[in-house]
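A.B. asks: Quick one: structure below, then a few questions.
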Amino acid sequence: MDKNGVSAPNRWVGGHAVVLGASVSGLLAARVLADVYDRITLIERDRVSEVGVAARRGVPQGRHAHGLLSRGAEIFEELFPGLLEDFVAGGAPIVSSPAELRNNLGGHLLCMTGEYTELSDTYQPSRPHLESLVRTRVMGLPNVKLIDGCQVVGLETTDDNARVLGVEVLYAGDGTTDLVHADLVVDATGRAGRATKWLDAMGYQLPPEESLQVDLLYVSQYLRPAPGSMGREKVVIIGHTPTRPTGAEYLEQEDGRWILTLIGYGGHHPPTDQAGFLAFAEPIVPPHVFASIRDAEPLSEAVAHRFPATIRRRYEKLSRFPEGLLVVGDAICSFNPIYAQGMTVAAIQAETLQKTLQDGTDRLAQRFFKAVSKPLGVTWQMATGSDLSIPQVEGPRPLSVRMVNAYINMVLTAAERDSVLAERFLKVQYLLVLPTTLMRPGTMARVLAGNLRRRR
Ligand SMILES: Cc1cc2nc3c(=O)[nH]c(=O)nc-3n(C[C@H](O)[C@H](O)[C@H](O)COP(=O)(O)OP(=O)(O)OC[C@H]3O[C@@H](n4cnc5c(N)ncnc54)[C@H](O)[C@@H]3O)c2cc1C
């Protein structure tokens, strides 16, 4: 494998693959497809080649806190060897000890003492930094080309709509349109889900949708706190509790810059004016964190991002799907961002696509959708279960959800003082292991013992 992670192709497909959208899932898909297709063309509406390391219009979430979970980091590194070192060389902090992570979930502060015995370091690049380094790696692949400042406006198909033949594009510069022929078209255009509109127009059934109205507002600001004001802490996460539907993330990023993101569910949205923003943060974060925020130099305005609902499109349930089309990333499943799962799930999808391509391209989409539905389902359950722990989110709360939430609360209670349990919980949160690992007898015994000690 060379520096760009290019390995010998498992099964050569040849031909031309077109990937729509050059954000995280589009870039990861392009990287995987480059192993087996002759040519890959990434088509992106924003002029990303001019953006550099900055947030951009097509990815407005880039102005908000973005955590990269360990499972995602592992896959990024497998696909782009040395990428994690590049993050650090570009100034991204590494979190390697519990003392550096203040993770307060459901009102329980995970144990901050001891050392991790199984977890490896986590990396904290800002979202624009991460995306620009991944983009540089993908653009370094000899068979990948980017057409940016170019919007995809439709699909070209056979007369019977059984196969996609390419895409119709509109150039922002001169307003001209063109057809780009392709053997495979990958929709990575994000949660709006353009593929569903195209499928509808082509006479296909739409994927059944699951959704949870969360009515979240993110408000974020870049800050430069006084050096040392946060001690050893590099990550502060304060999640919602059953009685407080608000939260905060305060993350160190490149070169001493921090990002503060305040989050509120419906009816509890953070304000964007400076005084209101600070006042919103004060009751959520501990005093030393508030002092660091209050005394920090603001580096930007506070900007808002509304996130109305989570969406999961069940493509694996469709009996008919056109050949030559695939959907990846947020276009399949858009998670509540507070759990920081989106980029990692995009990486899991890329890894799954790589495995699916080992059996060629026949019924590629159907086989891919089926294969990703399992990891997506687990992650979806984790996120929606946690959302349903607060009354502001409406939805069915069957006994199973209530029991899991009660048990997680017990795990978190015990993990306040038990560093081993805190690490086991983090491995689940970072999508390294399944949540069922928390039900193993040894772990349940620790949970019970910890809760009994707390009661006494
Ligand atoms: C507020 C917020 C915070 C988040 N925090 C985290 C976090 O902490 N950790 C995490 O892992 N994930 C987080 N996420 C999710 C993460 O940003 C996404 O999962 C990730 O970007 C992958 O999405 P994507 O590539 O599928 O789509 P997107 O990132 O939405 O990108 C879609 C791309 O398609 C382009 N495009 C759209 N339409 C067209 C068109 N017609 N023609 C050409 N190009 C087009 C856009 O310009 C864009 O580049 C967060 C999301 C939000 C909203």
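Residue by residue, here is whether (1) buried (at least 20 other Cβ atoms within 10 Å of the Cβ); (2) among the acidic types (D, E); (3) more than 19 Å from P225 (Cα to Cα); (4) in contact with a Cys (Cβ under 7 Å, 6 or more places away or on another chain) holds:
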residue	(1), (2), (3), (4)
I259	yes, no, no, no
G266	no, no, yes, no
Q274	no, no, no, no
A281	yes, no, no, no
P286	no, no, no, no
F290	no, no, no, no
H305	no, no, yes, no
V327	yes, no, yes, no
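A.B. asks: Is it the case that A347 is within 24 Å of L28 (Cβ to Cβ), in contact (Cβ under 8 Å) with a residue 40 or more places away in the chain and within 12 Å of the ligand (Cβ to nearest atom)? Write out each step before concluding.
C.D. replies: Numbers: within 24 Å of L28 (Cβ to Cβ): yes; in contact (Cβ under 8 Å) with a residue 40 or more places away in the chain: yes; within 12 Å of the ligand (Cβ to nearest atom): yes.
The answer is yes for A347.
A.B. asks: Further question: Any chance segment 106-116 includes a residue that's of a type outside the set (V, I, T), within 15 Å of the ligand (Cβ to nearest atom) and free of Cβ contacts under 8 Å to residues at least 60 places away in the same chain? Steps first, please.
C.D. replies: Kept after step one, since they are of a type outside the set (V, I, T), are these residues of segment 106-116: 106-112, 114-116.
Filter once more, so that each one left must be within 15 Å of the ligand (Cβ to nearest atom): none.
So far as segment 106-116 goes, no, none of its residues is of a type outside the set (V, I, T), within 15 Å of the ligand (Cβ to nearest atom) and free of Cβ contacts under 8 Å to residues at least 60 places away in the same chain.
A.B. asks: Of all residues in segment 221-238, how many are under 20 Å from A279 (Cβ atoms) and either touching a helix residue (DSSP H, G or I) at 6+ places or on another chain (Cβ under 8 Å) or outside any strand (DSSP E or B) (or both)? First the steps, then the outcome.
C.D. replies: In the first step, residues of segment 221-238 are kept if they are under 20 Å from A279 (Cβ atoms); the result is 221-223, 225, 229, 236, 238.
Keeping just the survivors that are either touching a helix residue (DSSP H, G or I) at 6+ places or on another chain (Cβ under 8 Å) or outside any strand (DSSP E or B) (or both) gives 221, 223, 225, 229, 236.
Residues flagged as under 20 Å from A279 (Cβ atoms) and either touching a helix residue (DSSP H, G or I) at 6+ places or on another chain (Cβ under 8 Å) or outside any strand (DSSP E or B) (or both) within segment 221-238 amount to 5.
A.B. asks: Do we find that G395 is touching a Leu at 6+ places or on another chain (Cβ under 7 Å), among the small types (G, A, S) and part of a loop (DSSP other than H, G, I, E, B) in this structure? It would help to see each step written out before you state the result.
C.D. replies: Numbers: touching a Leu at 6+ places or on another chain (Cβ under 7 Å): yes; among the small types (G, A, S): yes; part of a loop (DSSP other than H, G, I, E, B): yes.
So G395 fits the description; yes.
A.B. asks: In this structure, does R454 turn out to be in a helix (DSSP H, G or I) and in contact with a Lys or Arg (Cβ under 9 Å, 6 or more places away or on another chain)? Full working, then the answer.
C.D. replies: Numbers: in a helix (DSSP H, G or I): yes; in contact with a Lys or Arg (Cβ under 9 Å, 6 or more places away or on another chain): yes.
Yes.
A.B. asks: Specify which of the listed residues (V153, V186) is within 14 Å of the ligand (Cβ to nearest atom), surrounded by fewer than 14 Cβ atoms within 10 Å (Cβ to Cβ) and part of a strand (DSSP E or B).
C.D. replies: Details: V186 fails: surrounded by fewer than 14 Cβ atoms within 10 Å (Cβ to Cβ).
Every option except V153 fails the conditions.
A.B. asks: Assuming Q366 fulfils every condition listed in (1) closer than 22 Å to V164 by Cα; (2) near the ligand (Cβ under 9 Å from one of its atoms) apart from one, which condition is it?
C.D. replies: So Q366 meets the others, but not (2).
A.B. asks: Continuing with the same structure: Going residue by residue through segment 318-335, is there one that turns out to be in a helix (DSSP H, G or I), at positive phi and either away from the ligand (no atom under 14 Å from the Cβ) or in the same structural domain as V36 (by TED's automatic domain parsing) (or both)?
C.D. replies: yes
A.B. asks: Taking the criterion of being touching a Ser or Thr at 6+ places or on another chain (Cβ under 6 Å) and farther than 23 Å from G67 by Cα, would at least one residue in segment 325-342 satisfy it?
C.D. replies: No; the residues of segment 325-342 include none that is touching a Ser or Thr at 6+ places or on another chain (Cβ under 6 Å) and farther than 23 Å from G67 by Cα.
A.B. asks: Can you work out which of the residues in segment 241-257 that are within 18 Å of H305 (Cα to Cα) and either in contact (Cβ under 8 Å) with a residue 40 or more places away in the chain or not hydroxyl-bearing (S, T, Y) (or both) is farthest from the ligand (Cβ to nearest atom)? Break it down stepwise before answering.
C.D. replies: So in segment 241-257, the residues within 18 Å of H305 (Cα to Cα) come out as 245-251.
Okay, now just the ones that are also either in contact (Cβ under 8 Å) with a residue 40 or more places away in the chain or not hydroxyl-bearing (S, T, Y) (or both), so 245, 247-251.
Values: P245: 16, G247: 12, A248: 13, E249: 8, Y250: 13, L251: 9 Å.
Step by step, filter segment 241-257, then rank; the result is P245.
A.B. asks: I'm told G360 meets every condition in (1) closer than 21 Å to D35 by Cβ; (2) at pLDDT below 95; (3) in contact with a Pro (Cβ under 8 Å, 6 or more places away or on another chain) except one. Can you identify the failing condition by its number?
C.D. replies: It is condition (3) that G360 fails.
A.B. asks: Surrounded by fewer than 20 Cβ atoms within 10 Å (Cβ to Cβ), touching a residue at least 60 places away in the same chain (Cβ under 8 Å) and assigned by TED's automatic domain parsing to the domain that holds L42 - does that describe any residue in segment 193-200? Break it down stepwise before answering.
C.D. replies: First pass over segment 193-200, keeping only residues surrounded by fewer than 20 Cβ atoms within 10 Å (Cβ to Cβ): 194, 196-197, 200.
Right, trim to touching a residue at least 60 places away in the same chain (Cβ under 8 Å) and you get 194, 196.
Adding the requirement that they be assigned by TED's automatic domain parsing to the domain that holds L42 leaves 194, 196.
Yes - at least one qualifying residue is present in segment 193-200.
A.B. asks: Quick check on segment 192-233: of everything there that is within 15 Å of the ligand (Cβ to nearest atom) and among the charged types (D, E, K, R), which residue is nearest to E301 (Cα to Cα)?
C.D. replies: Across segment 192-233, the extreme among qualifying residues is D215.
A quick yes/no check of all residues on (1) within 16 Å of the ligand (Cβ to nearest atom); (2) out of contact with any strand residue (DSSP E or B) (no Cβ under 7 Å at 6 or more places or on another chain); (3) at pLDDT 95 or above:
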site: T41; (1), (2), (3): yes, no, yes
site: P60; (1), (2), (3): yes, no, no
site: L69; (1), (2), (3): yes, yes, yes
site: L84; (1), (2), (3): yes, no, yes
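The rows are residues; the columns are (1) under 30 Å from E252 (Cβ atoms); (2) in contact with a strand residue (DSSP E or B) (Cβ under 9 Å, 6 or more places away or on another chain).
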| residue | (1), (2) |
| --- | --- |
| H288 | yes, no |
| A304 | yes, yes |
| R313 | no, yes |
| N336 | yes, yes |
| M343 | yes, no |
| R363 | no, yes |
| F369 | no, yes |
| T379 | yes, yes |
| M382 | yes, no |
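A.B. asks: Next question, about the same structure. Between S319, S334, which is closer than 27 Å to A162 by Cα and surrounded by fewer than 24 Cβ atoms within 10 Å (Cβ to Cβ)?
C.D. replies: Testing whether each residue is closer than 27 Å to A162 by Cα and surrounded by fewer than 24 Cβ atoms within 10 Å (Cβ to Cβ) leaves just S319.
The values are calculated or read from the model by the stated rules, or taken from the named source; none is laboratory data. Note that the coordinates shown come from a computational prediction; the quantities given were computed from them, not determined experimentally. Glycine also receives a Cβ, built like all others from the backbone with ideal geometry; neighbour counts cover every protein chain displayed.
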